[in-house]
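The values are calculated or read from the model by the stated rules, or taken from the named source; none is laboratory data. Being a predicted model, the structure only gives us computed values, none of them experimental. Backbone-built Cβ (ideal geometry, glycine too); neighbour counts: all protein chains shown. SASA here: full protein model, heavy atoms, side chains in, ligands and nucleic acids out. Shrake-Rupley method; radii C 1.70, N 1.55, O 1.52, S 1.80 Å.
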Amino acid sequence: MVSTLPETPVISPGQNPFTVAKADNFGRDEIVRLWAEPPNAWADILPSGTSTARILVGGKGCGRTHIMRYHAITSLEDAGRPNTPSLAFWIPLSGLTASKYSGKGWDALSWTRVFGYALELYVAQHVLHAILEADLPVAESVLARAVFSALQLESRRRPTTLRGLSRLLMALQVEVSSATNRVPIDPNAVIQIRAEPGHLVMALANGLRSANPNWRESRILYMFDEFELIPTELQTYLQSLLRESTVVATVIIGSRHHGLRTYRTLTGEENRVGSEFTRIELDRINAERPRVYRRFAKLLIVRRLAPTHMPALVARGTDDKQLDWLHAKLQPMPRLSPLAPASQFTFLSDESRSRPYFGRLMTQLRDSGHSSVADAVFALLCAPQHPLLEKANILLFYRAWSSSPEPNLLDAAEEIQADASRVIARTHPMPRDHSEVFDKYLEDLTAQLYRDGGRTLPYAGLDTFIDMSEGNPRNLLNLFSHTFDAALFRDEVPFGPNAISIDTQTRGAKAASDWFIDDVVGPGDDARAVTRFLDNLGNLMRELRFSDKPYESSCSAFSVDLGACGDETRRVLDLATGWSLLVPLPHKDKNSKRIITKFQISGMIAPRWDLPIHRRGTLSLLPGNVDAMCSRDGDSEYAELRRSRLSGVRAPFHGRPARREASEESDVFQTRLF
């Protein structure tokens, strides 16, 4: 009944060191070797000097299991020292098969009592297994007597050794499990419950404190992991154990966001944050301390690479030396600047007239009745040696074009050209309009250049991967895992003498993005509802980003009055948030007292729509807009939303619309997750 752990290393030389991302797949030695101090202080995560319990929540892969297992291992390694502060035990709830304790004609309260008894037997076995495995000095008869006292059994069955006690508990576990399995066949089956609720785990804690003089003041930590696997009605039992936490025995619960479904106890009382327990949101803590998380993330990577994929001299060096080595192994993105030379964009033609964005502008001018000024406008706006400056010039020209039904386009182009000459001459300060465009839209203009050149938008660099991970260690490991595999596929040597190329990193990031979607979104109606909404939102944001005149910069977030949205919309957004596909960013509307909720598309899925991973601009949506995106019957409303939003950002802005090129129309951002 006790979960077993790998006895041999999971990662071997020559293997992708990032393939195994789940901490419950590692053995004891690897848990310690791969440990990197998290950005969350131990004082916040683990109780010290107070009986307050903890609930650790976070997305899949937030590091919760590694934290629990590491502390359980190291606390027992220190258990031989005088005045041991705590003894911690990691208890994975996946070994309980909790779903069988429900239905079959029995009421929920009866099943909860049976489940609670089975749970406490399971806990006691885990604790004894850990004590025996660590070979700790224990007065075995004292501990056995204390645990046996909580069981309603004849005294002749009392064991005197830990192995004897373990065999007894195993027999009782088999007894209750077998009886439970008979219930579907015989609803009148009798299940013997041989301990009162909470008595066994408390007797175990008191027995441990009595079985070794160094543990007399020790706090016993029961760390229940994978709480999300427990059905709602059975979670009340664990909430009751949490409520009864003391300085002797304290409960820590680990759960994913969506798995914490009730705070109710067996007595009907509700456990309250700040009173009965402290809630620790691991993802949010990581996100709120970006500098600390950034260093932790880098250490997490070098722990995986050392010693099998890192030079021995570097592996024996300091953390800072290892981090310097890591930085050099990923080719960074070129630094963006307004006057970046054309040689930085080798995928573009040397001739400005042959560059797609000028071809598009010339067509728009001719199709809208401005053929007479088209060539002159081109001559004024081009700057062959500086493609980003050309893009800024064209954006300013589109703004001037949209400002009036009958603008003087030639005058506008001449003013832009005059300011562009000052930019090239590096006149200080830079002309205001160009300065504003480069300050807000430099990343977007660069993305448009890549798209115009028929190139995949790059996502590369160590810091980029860390930001994409959204404070989630497993996301980071999977980004590196897919990049490692992409490097091998392209005959590069990952973390070898040369840095991994930008193209390879981008392939890895795209693959990791696909993995993330597949991993967190399963089959069923909920999955289809969430992916429908994300498709609609992501496609709209991408169309706006690559439009002629985007009105928000680096837009990967949206805001909406959530309270005015429909029930189905709120449900879909709640699912997307619980699955870490959206990152909630609550804020108050500056112009009213409404609470407007802001959401950002997770950096892990932003590459699906060529969106930025850093938010800047925010797309403001009406409740009806978001309702249409979420509705199965909202296609016409969504089409109208697209039409109204895009009409103001595509030339010619006034009069008849310009002809869309066939290649562009076929690529109208119809990406689908499935």
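Table for the structure above
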{"item": "Among the residues listed as GLY508, GLY524, GLY578, GLY566, the single one being out of contact with any Lys or Arg (no Cβ under 6 Å at 6 or more places or on another chain) and either within 30 Å of GLN15 (Cα to Cα) or of a type in the set (S, T, N, Q) (or both)", "result": "GLY508"}
{"item": "Qualifying residues in the stretch 316-332 (those that are among the basic types (Lys, Arg) and in a loop (DSSP other than H, G, I, E, B)) - the one most open to solvent (accessible area, probe 1.4 Å)", "result": "ARG316"}
{"item": "Boolean, THR160 is modelled with pLDDT under 95, of a type outside the set (Gly, Ala, Ser) and either closer than 16 Å to GLN235 by Cα or open to solvent by less than 10 Å² (accessible area, probe 1.4 Å) (or both)", "result": "no"}
{"item": "Residues of the stretch 611-632 satisfying the condition of being outside any helix (DSSP H, G or I) and β-branched (Val, Ile, Thr)", "result": "ILE613, THR618"}
{"item": "In the stretch 80-98, residue surrounded by the fewest Cβ atoms within 10 Å (Cβ to Cβ) [restricted to those that are of a type outside the set (A, V, I, L, M, F, W, C) and touching a Leu at 6+ places or on another chain (Cβ under 8 Å)]", "result": "SER94"}
{"item": "Search result, residues across the stretch 421-436 that are more than 42 Å from the chain's Cα centre (by Cα) and surrounded by 18 or more Cβ atoms within 10 Å (Cβ to Cβ)", "result": "none"}
{"item": "Residue match in the stretch 260-280 (condition: open to solvent by 30 Å² or more (accessible area, probe 1.4 Å), among the hydrophobic types (A, V, I, L, M, F, W, C), closer than 26 Å to LEU241 by Cα and touching a residue at least 24 places away in the same chain (Cβ under 8 Å))", "result": "yes"}
{"item": "Residue check for GLY198: under 25 Å from GLN239 (Cβ atoms), touching a residue at least 40 places away in the same chain (Cβ under 8 Å) and buried (at least 20 other Cβ atoms within 10 Å of the Cβ)", "result": "no"}
{"item": "Unmet requirement for THR531, which otherwise passes all of (1) crowded, with 20+ Cβ neighbours inside 10 Å; (2) at pLDDT below 95", "result": "(1)"}
{"item": "Residue pairs meeting the criteria (Cβ under 8 Å; at least 6 apart or on separate chains; first closer than 21 Å to MET68 by Cβ and open to solvent by 50 Å² or more (accessible area, probe 1.4 Å), in the stretch 10-22; second assigned to a loop (DSSP other than H, G, I, E, B) and at pLDDT 60 or above)", "result": "LYS22/GLY61"}
{"item": "Those residues of the stretch 551-571 which are free of Cβ contacts under 8 Å to residues at least 12 places away in the same chain and either of a type in the set (Asp, Glu) or open to solvent by less than 30 Å² (accessible area, probe 1.4 Å) (or both), in sequence order", "result": "ASP567"}
{"item": "Residue satisfying all of: in the stretch 483-513; among the charged types (D, E, K, R) and free of Cβ contacts under 8 Å to residues at least 60 places away in the same chain; most open to solvent (accessible area, probe 1.4 Å) among these", "result": "ASP491"}
{"item": "Hits in the stretch 457-468 - residues which are farther than 24 Å from ASN393 by Cα and in contact with a Ser or Thr (Cβ under 9 Å, 6 or more places away or on another chain)", "result": "TYR459, ALA460, PHE465, MET468"}
{"item": "In the stretch 181-230, the residues that are over 25 Å from GLY254 (Cβ atoms) and under 39 Å from the mean Cα position of the chain (by Cα)", "result": "ASN181, GLU217"}
{"item": "Residue pairs meeting the criteria (Cβ under 6 Å; at least 6 apart or on separate chains; first closer than 8 Å to VAL649 by Cβ, in the stretch 538-549; second crowded, with 21+ Cβ neighbours inside 10 Å)", "result": "LEU544/PRO550; ASP548/TYR398; ASP548/ALA651; LYS549/TYR398"}
{"item": "Test for ALA374: is it over 23 Å from TYR551 (Cα atoms), without any contact (Cβ under 8 Å) to a residue 40 or more places away in the chain and over 42 Å from the mean Cα position of the chain (by Cα)", "result": "yes"}
{"item": "Verdict on ALA306 being surrounded by 20 or more Cβ atoms within 10 Å (Cβ to Cβ) and of a type outside the set (Ser, Thr, Tyr)", "result": "yes"}
{"item": "Filter result (touching a residue at least 40 places away in the same chain (Cβ under 8 Å), over 23 Å from the mean Cα position of the chain (by Cα) and surrounded by fewer than 19 Cβ atoms within 10 Å (Cβ to Cβ)) within the stretch 591-641", "result": "SER620, LEU622, PRO623, ARG632"}
{"item": "Candidates ALA88, ALA98, ALA146, filtered to the one that is at negative phi and touching a strand residue (DSSP E or B) at 6+ places or on another chain (Cβ under 7 Å)", "result": "ALA88"}
{"item": "Evaluation of ASP439 against (1) touching a residue at least 24 places away in the same chain (Cβ under 8 Å); (2) out of contact with any Phe, Trp or Tyr (no Cβ under 9 Å at 6 or more places or on another chain); (3) open to solvent by 60 Å² or more (accessible area, probe 1.4 Å) (one fails), failing number", "result": "(1)"}
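A quick yes/no check of all residues on (1) without any contact (Cβ under 8 Å) to a residue 60 or more places away in the chain; (2) more than 30 Å from ASN393 (Cβ to Cβ); (3) not aliphatic (A, V, I, L, M):
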position	(1), (2), (3)
ILE285	no, yes, no
LEU305	no, yes, no
GLN322	yes, yes, yes
PHE345	no, no, yes
ARG353	yes, no, yes
PRO356	no, no, yes
ARG360	no, no, yes
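A quick yes/no check of all residues on (1) of a type in the set (S, T, N, Q); (2) open to solvent by 30 Å² or more (accessible area, probe 1.4 Å); (3) under 20 Å from ARG451 (Cα atoms):
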| position | (1), (2), (3) |
| --- | --- |
| PHE345 | no, no, yes |
| LEU348 | no, no, yes |
| GLU351 | no, yes, yes |
| SER354 | yes, yes, yes |
| MET362 | no, no, yes |
| ALA376 | no, yes, no |
| ALA383 | no, no, yes |
